[in-house]
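Below is one structure, written out as structure tokens; comments come after it.
Here, each number is a calculation from the coordinates, and none is a lab measurement. Keep in mind it's a predicted model, so treat the numbers as computed, not measured. For neighbour counting, all protein chains shown are included, and Cβ atoms are generated from backbone atoms with ideal geometry for every residue, glycine included.
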Amino acid sequence: MFCSSCGTEQPDDSKFCRKCGRTVAAGARTKPKSYVGKTVIAILALILVLFSIPIITRLMQASGPGPMHGLVAQRRTIPLGSPAFTVKNLGYVYTQFDVPPGATNVSVVGRFTASGGIGNDIEAYVLTSDGFVNFQNGHQATTYYQSGRVTQGSINANLPAGAATYYLVFSNNFSLLSAKAVQASITLNYTE
């Protein structure tokens, strides 16, 4: 026989349940409670959750950066300009680059070397869009980096966080006759 309260099997002559202590009716042949229905529901719920995870993941990826995006920040490194180029006399060479929205820890980093002419020298700048327009027109420009006339130099310019357009400029405006050969390895670095 079985206890009608907890379903525990009892000897036929029992008056009380060995497990829960309740009175067992003489001759009770009650079968244990069935947990099959609850088990089926739990299995179906688990299957539903497992099939939902890939769908939710695809939807989150399609909607772009969300609140979890900041927890998985990635460092980006983008090469700027050509590694070897010539800057004509009374001229300059520039590379325009954009910092994306939401970028932080923004910097322009690298080294350059110039050769040619009497002084083997070049001027390097990192400028905003406004600064570049002023530079092009021969006016004083606010810079994030300015090397002065040098043969070799290291750039380590920190830029403000957030979206903006900047210019990396190598200038030979001061040289009347000689072009300059420049070797450069400069990168834009930021976290997004």
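What is the list of residues in segment 152-192 whose amide nitrogen lies under 13 Å from a point 7 angstrom out from the Cα of Lys88, following Cα to Cβ?
Only 172-173, 177-180 pass the distance filter.
Using the Karplus equation 6.51 cos²θ - 1.76 cosθ + 1.60 (θ = phi - 60°), what ³J(HN,Hα) coupling, rounded to whole Hz, does each residue of segment 10-15 give in order, writing x for Gly and Pro?
10, x, 4, 9, 6, 9
Looking at the square roots a ≥ b ≥ c of the eigenvalues of the Cα gyration tensor of segment 104-143, which shape do they give, rounded for a/c under 1.5, prolate if a/b is larger than b/c, or oblate?
It is oblate, given that a/c is not under 1.5 and a/b is not larger than b/c.
How large is ³J(HN,Hα), in whole Hz, for each residue of segment 145-153 in order, when computed from phi with the Karplus curve 6.51 cos²θ - 1.76 cosθ + 1.60 and θ = phi - 60°, using x for Gly and Pro?
In residue order, the calculated couplings are 7, 8, 7, x, 7, 9, 8, 9, x Hz.
Over all directions, average the projected area of the Cα convex hull of segment 80-192 and note it in nm².
Here the figure is 6.2 nm², rounded to one decimal.
Suppose the Debye formula is applied to equal point scatterers at every Cα of the chain; what is log10 I(q)/I(0) at q = 0.08, 0.18 Å⁻¹?
-0.49, -1.12
With unit charges on the beta carbon (Lys/Arg positive, Asp/Glu negative), name the residue among Val87, Thr8, Ser171 whose Cα is farthest towards the positive pole of the charge dipole of the chain.
It is Thr8.
Which far-off residues, 5 or more places away or on another chain, put their amide H under 5 Å from the one on Tyr145, with H placed in the peptide plane?
Counting only residues 5 or more places away or on other chains, the set is Val126.
Per-residue counts of other Cβ atoms within 10 Å, averaged by peptide: what ranking do you get for 114-123, 156-165, highest first?
Top to bottom by mean Cβ count within 10 Å: 114-123, 156-165.
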